[in-house]
Each structure stands twice: as structure tokens, then as C-alpha cells.
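Values in this text are rule-based calculations from the coordinates and carry no lab data. Every value quoted in this text rests on a predicted model; they were computed, and no experiment measured them. Cβ atoms come from the backbone with ideal geometry, glycine included; neighbour counts cover every protein chain shown.
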Amino acid sequence: MIPNIVETVKGVAGQEQTVFGQIAEARTRYSGATSANDRAGAASQVESALGRLLVIAENYPVLQSSQAYRDLIVSLEGTENRISVERMKYNDLVRVFDTNVKTFPTSIVASVFGVKERAYFNVPEANQVAPKVNF
């Protein structure tokens, strides 16, 4: 799920960067134009870039890269929280199970059937480092 979200965000952000980059470039050419012909050519580039932006805005009423980034962060945080909650639930159940295996009279039944204590779910040190997400 996470790689798909990242790719979606990259696609939306890339499209917006292209359009806004073209607008900024055209504006810079227009500002730096010294002759009337240069200004006219730069103005047509600005109009062309703005036209592309309008087409995108018509197809996508709200340019959503910032929303997409927020959604990605929320999704990553939610995934991390769900894993943490489930790990705590598992460890709580293991603690209860292990207590029952050690406590009389259930310890007798556990030994008859060969039931042993279970291991807790501990996160290895290597996995405690936050993963890097590169765009």
C-alpha cells in the first residue's frame, strides 16, 4: 500500500511541478525581456503555460499535491500505529498465556500436553530505525 501511495504522490507532484515550473520560467523570460518583440514572445509563453494550468484545473479542480502529502503522512502514521497496537495486544495475550502456563493448576495441564511459554513480539534494533521515503 505504501509504495502505491508514494507513486501517486510523485505523479501528482510531478505534474504540478512541470506546470508551475513552466509558468515561472515564462514569467522570468517576460520580466527579463528588453525589447517589445521579446516581451511579446514571452507573453505568449506565459499565456500558453497558463492555458495548460487551466486545462489541468478543469480536469482536477483542486491541485492536490499538498493534500496528497498530508494523506501520505496520515497513512504512514496510521499504519505504524496499527502495527504498534496489534503488537501490544499480542504481547498482552502472550503475557496472560505465559502466566497461565506457569500458574497452578493450569501448569499441570500445560505440562501434560507439552504447552510451553510463548515468546513476546519484540522489534529488532535494526527495524526501529524509521524508513526513508524518497520522492
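Convert 25 °C to kelvin, take the viscosity as 0.890 mPa s, use the Kirkwood radius over C-alpha pairs of region 79-123 as Rh, and evaluate the Stokes-Einstein diffusion coefficient in µm²/s, rounded to a whole number. Provide the component values of the computation, followed by the final result.
Details: Rh = 11.5 Å.
Roughly 214 µm²/s, to the nearest whole number.
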Full extension between Ala24 and Val74 adds, at 0.36 nm per residue less the Cα distance, a length in nm of 14.9 nm
Sorted on mean Cβ neighbours within 10 Å (highest first), peptides 34-40, 86-92 come out as 86-92, 34-40
